[in-house]
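Student: Quick one: structure below, then a few questions.
The values are calculated or read from the model by the stated rules, or taken from the named source; none is laboratory data. Remember, predicted model here, so these are calculated numbers, not experimental data. Cβ: placed from backbone, ideal geometry, glycine included. Neighbour counts: every protein chain shown. These accessible areas exclude ligands, DNA and RNA; they are computed on the full protein's heavy atoms, side chains included. Shrake-Rupley method; radii C 1.70, N 1.55, O 1.52, S 1.80 Å.
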Amino acid sequence: MLKSIISGLILSTIMVTPNTPKIDVNIINNAVKTHIQKVISLEIDYSEALKKLGFNKGEYKNAQLDNRNAILRFQSEHNLIVDGSIGRQTKSAMRKRMLESAYKYTDTVTNPPSNKHWITVNKTKRILTLYKGKDVIKKYPIAQGKDSGLTPEGKFTIVRKTINPSWNYKEKSAKGGAPDNPLGKRWIGISYGGGGMYGIHGNNAPYSIGTNVSLGCIRMINADVEELFEIIQINIPIWIGTDIKLKDWGVNQESYLKTAQ
């Protein structure tokens with residue numbers, strides 16, 4: 001439509017201007033179309049864009065991993081499916097975001113369980129959202145159960161917070177705070193299973209974030225879970241479900257691409 005409007009305007013101008021020299025209108029229109037197509041297909045430097053938007057924290061001092069974390073954070077911020085890759089939707093969302101002078105979250109909550117902090121985990125999009133009442137405080141990318149049924153669904157509470165948790169699984173173990181500990185340095189226990197079976201935690205496999213890989217727990221980027229740990233309190237609600245289930249509960253986490261103008 002943009003092409004036809006501009007071409008039509010040029011054609012109209014040429015036709016109504018008095019004493020216009022003879023011009024090949026087709027040449028001009030074709031030139032306009034070519035220029036517009038170049039603008040439309042213009043590629044941006046996504047790595048630089050993510051830095052300018054503040055998503056690249058440089059925490060690992062590894063360009064590839066830091067850039068992937070930036071993509072994960074951008075995707076969660078905009079309610080896109082979190083996978084760590086720059087696909088068509090992520091590119092479109094980034095272009096829109098770069099053109100906006102201001103940004104606000106696209107979530108709508110009709111009946112929050114608390115006017116204080118509470119959490120949702122969107123299993124469809126792999127996003128953990130921290131709310132305060134109806135307002136979004138922060139969104140984080142996660143990893144979750146490798147099978148859909150492993151990460152429990154329902155309305156639970158946070159019942160435990162542990163710094164440097166130890167890890168034991170079958171015949172394997174790791175000391176709290178050790179670099180090889182799969183839980184990282186923070187454990188946020190969920191009431192389902194008593195607080196020690198299922199939880200939100202860090203990781204020792206940073207490329208796992210944005211995937212379905214765990215035995216049911218919710219993994220986060222280490223810096224992100226440490227930040228969340230400091231904000232939340234024991235006994236706050238946590239709702240875990242698919243995108244459809246969260247909508248049934250009154251939490252609509254609409255994609256930025258569907259709501260942005």
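Student: Can you name every residue in segment 151-190 that is open to solvent by less than 50 Å² (accessible area, probe 1.4 Å), in contact (Cβ under 8 Å) with a residue 40 or more places away in the chain and either of a type outside the set (Val, Ile, Thr) or part of a loop (DSSP other than H, G, I, E, B) (or both)?
Tutor: Residues satisfying the conditions are Thr151, Pro152, Gly154, Phe156, Gly184, Arg186.
Student: Asp243 - would you say it is open to solvent by 50 Å² or more (accessible area, probe 1.4 Å), under 22 Å from the mean Cα position of the chain (by Cα), at pLDDT 95 or above and over 26 Å from Lys57 (Cβ atoms)?
Tutor: no
Student: Additional query: Could you list, in sequence order, all residues of segment 217-237 that are of a type in the set (Asp, Glu) and open to solvent by 20 Å² or more (accessible area, probe 1.4 Å)?
Tutor: Glu226, Glu227, Glu230
Student: Ok, one more. Can you work out which of the residues in segment 145-202 that are touching a strand residue (DSSP E or B) at 6+ places or on another chain (Cβ under 9 Å) and among the acidic types (Asp, Glu) is nearest to Asn235 (Cα to Cα)?
Tutor: Residue satisfying both the conditions and the ranking: Glu153.
Student: Here's a follow-up. Spot the failing condition for Tyr140; the list is (1) under 24 Å from Asp248 (Cα atoms); (2) outside any strand (DSSP E or B), and only one is missed.
Tutor: Tallying (1) under 24 Å from Asp248 (Cα atoms); (2) outside any strand (DSSP E or B), Tyr140 fails exactly one: (2).
Student: Can you tell me which residues in segment 133-144 are surrounded by fewer than 15 Cβ atoms within 10 Å (Cβ to Cβ) and closer than 15 Å to Trp239 by Cα?
Tutor: Gly133, Lys134
Student: Quick check on Ser76: is it modelled with pLDDT of 95 or more, open to solvent by less than 80 Å² (accessible area, probe 1.4 Å), closer than 26 Å to Lys123 by Cβ and among the polar types (S, T, N, Q)?
Tutor: So Ser76 fits the description; yes.
Student: Next question, about the same structure. Just to be sure I understand the filter: pairs with C-beta atoms under 9 Å, separated by 6 or more residues or on different chains, first member in segment 93-120 and closer than 17 Å to Phe55 by Cβ and in contact (Cβ under 8 Å) with a residue 60 or more places away in the chain, second member surrounded by 19 or more Cβ atoms within 10 Å (Cβ to Cβ) and among the basic types (Lys, Arg). Which pairs pass?
Tutor: Partner pairs satisfying both residue conditions: none exist.
Student: For segment 97-110, which positions are of a type outside the set (D, E, K, R) and at pLDDT 95 or above?
Tutor: Tyr105, Thr106, Thr108, Val109, Thr110
Student: Is it fair to say Arg126 is out of contact with any helix residue (DSSP H, G or I) (no Cβ under 6 Å at 6 or more places or on another chain) and buried (at least 17 other Cβ atoms within 10 Å of the Cβ)?
Tutor: yes
Student: Would you confirm, using the coordinates I've provided, whether Gly84 is more than 14 Å from the chain's Cα centre (by Cα), within 16 Å of Met220 (Cα to Cα) and at pLDDT 95 or above?
Tutor: Answer is no for this residue.
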